[in-house]
Structure formats: C-alpha cells, structure tokens
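Engineer: Would you mind keeping the following structure in view while I ask a few things?
The values are calculated or read from the model by the stated rules, or taken from the named source; none is laboratory data. Quick caveat, the model's predicted, so the values are computed rather than measured. Here Cβ is always computed from backbone atoms with ideal geometry, including for glycine, and neighbour counts include all displayed protein chains. Side chains are part of the model used for accessible areas, which takes the heavy atoms of the whole protein and leaves out ligands, DNA and RNA. Shrake-Rupley method; radii C 1.70, N 1.55, O 1.52, S 1.80 Å.
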Amino acid sequence: MQYRHSFHAGNFADVHKHIAVLALIAALQKKPKGFLFLDTHGGEGLYDLAGHDARHSAESSAGIAQLESRLAQSASPCHPAIRGYLDRIESLRRAHGGSPHLYPGSPLLAASALRDVDSLIAVESQAAISRALQRALDAAPATAASTRVIHGDGYQQLKALLPPASRRGLIVIDPPYESSDEEQRIATGLAAARLRFSTGVYALWYPIKKRHDTDLWLARITRGIDCPQLVIELCLRPPDNAAGLNGSGMLILNPPWQFDEDAGRWQPEVLALLGGTGGSAVRWLKS
Ligand SMILES: C[S@@+](CC[C@H](N)C(=O)[O-])C[C@H]1O[C@@H](n2cnc3c(N)ncnc32)[C@H](O)[C@@H]1O
C-alpha cells in the first residue's frame, strides 16, 4: 500500500511544518531577488478533511482543527507567522469553493506566498497524486513567475534541478519515511544537492518518536555536512514512545538570518494552542 498523505493532512506535524515553510519563504523574501521553491515530495496539494481518509484517522482534530478552535475562542492576537498561515488557508479555501474542511498542502501554501520573481517546482512520485496536485495548483491563485509539477522521484530531481538559475532556493524535503532505504536516499540526495548548490536553504522534515533514536538519526544525516544547521522541534507528547508520532522536527541547512529567533517565538505559542505537553526547541547543531 502506497503512502497517502490524505490520512495525515492537517495533523499537528502539518501545522508545524507548514508554519515553518511559510516563515522560511517570508525570510527569503526579505531580499528582492527571486528564488526557486522546490518541494521534492509534493503530495496532493489539497485535502478534504471531511473525506474518508482524514475522517478515518481523525488526525486533524489535534492539529488544524484544534488550532482554529482555540484561536476562535481567544481574544488575544497570535504571532504573525501563525496568523499568516491561517489567513492563507482561509483564502485558499475561498478560492476552492469555500468549504471549511479543505486543507492545503505545502505546494499550495507556498504557491500562495510566492512573488512574481519566485518560481515553484513540486515533485510527486505517484502518478494519480501528481495529477491531483497539478489540478489543485491550476485552480489556485498563484503569483509565482512559474509553477510546475513533475511526476517523478524527488531525490533524482534534486540532481536534475539544482542549482536554480536564480542561484537562490528553498528546498523542502518531506518524505513519508515508510521505506527502509529512506535514510540512505535522504543522505545521498542531500549530499548530491549540496554539491551542486551549497548555498541553498534546505528544510528536511522528520518524525520524532523516541528522543534518543531521533538524535542518533540526526547525527547520521548531518555527518559530513559542513554548513550552518538548525533544528526546530515541536512535541505534542513527550518523545518517549517509539510507536507513535510524538513530535515534528525540521532540520534546516543554511537557515535565513533570524529565522531561529522567530521560531523561538512562534513554536511555543503553537504548542500551547495545540495543548501539547512535550515541549518545543530551537537548537543549532552547527552555527
Ligand atoms: C508527507 S507527503 C508530502 C506532503 C506535502 N509535502 C505537504 O506538506 O503537503 C509525501 C509525499 O511524497 C510522495 N513520495 C514518496 N516518495 C517519493 C519520492 N521518492 N519522490 C517524490 N515523491 C515521493 C508520496 O507519494 C506522498 O504524496
């Protein structure tokens, strides 16, 4: 059975990852020069949280649904990174017919944030899902100079597409972690990509189950990588159970200036809104 993100869309990890991706885009947009946003694992682009898969798992109830309901009850303003994320979801829902059950994935959120000097490429390995992503992007209001979906292998495309002509790029790598060779593919893919484009900003999402295992994994993935490395982590539950997804992490290579300080402000707020008990962290592995 192939991975379907529709079972997990809008869960707490999506909330964390998508706020981080939008914050990275905003940080890169502090400079006027355009950049490439490359999403190596694009997914479907738009998810129906009232559909069979999402209802079956009910994961969004502890994610986007919880965030929206807590903020609806709150009179105090939230961090601009959280507000901006929710505003983008709202406007994408309106653009797709207005259902409050729609949830946009990373390519759609990014497309809504890019400028006419930026471009987007999303890669997806499953044919039907890449077609769904193309349809969702075609129907979404986009301001980017170009938007392209590639049906293929995200790791191979790292080699084919880098460096971008603009020599600026944000590369989001969001694998399903369901195959035994994923770690090897990430390590090889990152090495090949960095050989071609060492100044790119790379954001790799990873699951946090057991703290010790995650730390060992991070040490293996970053071995031999010689550039600034930041991790941002948000744990809904204490990371002490290997069976469950307790936390969401992003390893960011070459993070933009002050992204760490900003994440240190919005992450605890997101955790509190989600009612999480596992804590959040912003840590430099190499500065
Ligand atoms: C976690 S989901 C992506 C979610 C998306 N990034 C988001 O945040 O909305 C992972 C997706 O990657 C696809 N995939 C799996 N292996 C892949 C590969 N080697 N190259 C490209 N896509 C892949 C899966 O079919 C799945 O749709």
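Engineer: Could you pull the accessible area for ARG70 with a 1.4 Å probe, rounded to 10 Å²?
Structural biologist: ARG70 has an accessible surface of roughly 90 Å² with all protein chains in place.
Engineer: Just the number please: accessible area per residue for the range 83-148, 1.4 Å probe, all protein chains included, in Å².
Structural biologist: Values: 2790 Å² over 66 residues.
Counting only protein heavy atoms, the per-residue value for the range 83-148 is 42 Å².
Engineer: Can you give the accessible area per residue of the range 2-70, in Å², using a 1.4 Å probe?
Structural biologist: Using a 1.4 Å probe on heavy atoms only, each residue of the range 2-70 averages 36 Å².
Engineer: For the chain, modelled as a Gaussian network with Cα springs under 10 Å, which listed residue fluctuates most, PRO77, PRO107, PRO268?
Structural biologist: PRO77
Engineer: Most mobile of SER179, SER57, SER106 per a Gaussian network model of the chain (Cα springs, under 10 Å)?
Structural biologist: SER179
Engineer: Using Cα-Cα distances under 8 Å and only pairs 6 or more residues apart, what relative contact order does the chain have, in percent?
Structural biologist: 22 percent.
Engineer: Also: Over all directions, what mean area does the Cα convex hull of the range 5-210 project, stated in square nanometres?
Structural biologist: 11.9
Engineer: Right, here's the next one. If you put +1 on each Lys and Arg Cβ and -1 on each Asp and Glu Cβ, how big is the dipole of the chain around its Cα centre, in Debye rounded to 20?
Structural biologist: 620
Engineer: Along the positive direction of the dipole of the range 5-210 (beta-carbon charges: Lys, Arg +1; Asp, Glu -1; about the Cα centre), which of ILE186, LEU170, TYR85 reaches farthest?
Structural biologist: LEU170
Engineer: Using a 1.4 Å probe on the protein chains only, how many percent of the accessible area of the chain belongs to carbon and sulfur?
Structural biologist: 52
Engineer: Still on this structure, I have one more. Can you list the chymotrypsin sites (Phe, Trp or Tyr not before Pro) in the range 200-282 that are in a DSSP coil and have 12 or fewer other beta carbons within 10 angstrom?
Structural biologist: In loop regions of the range 200-282 (DSSP not H, G, I, E or B), the sparsely surrounded chymotrypsin sites (Phe, Trp or Tyr not before Pro) are TRP257.
Engineer: Here is a further query. Efficiency by 1/(1 + (r/R0)^6): what FRET value for ALA160 and SER57, r their Cβ-Cβ distance, R0 = 30 Å, to the nearest 0.05?
Structural biologist: Taking R0 as 30 Å, the efficiency between ALA160 and SER57 is 0.35.
Engineer: For HIS212, what accessible surface area do you get with a 1.4 Å probe? Give it in Å², rounded to 10.
Structural biologist: Counting only protein heavy atoms, the figure is 120 Å².
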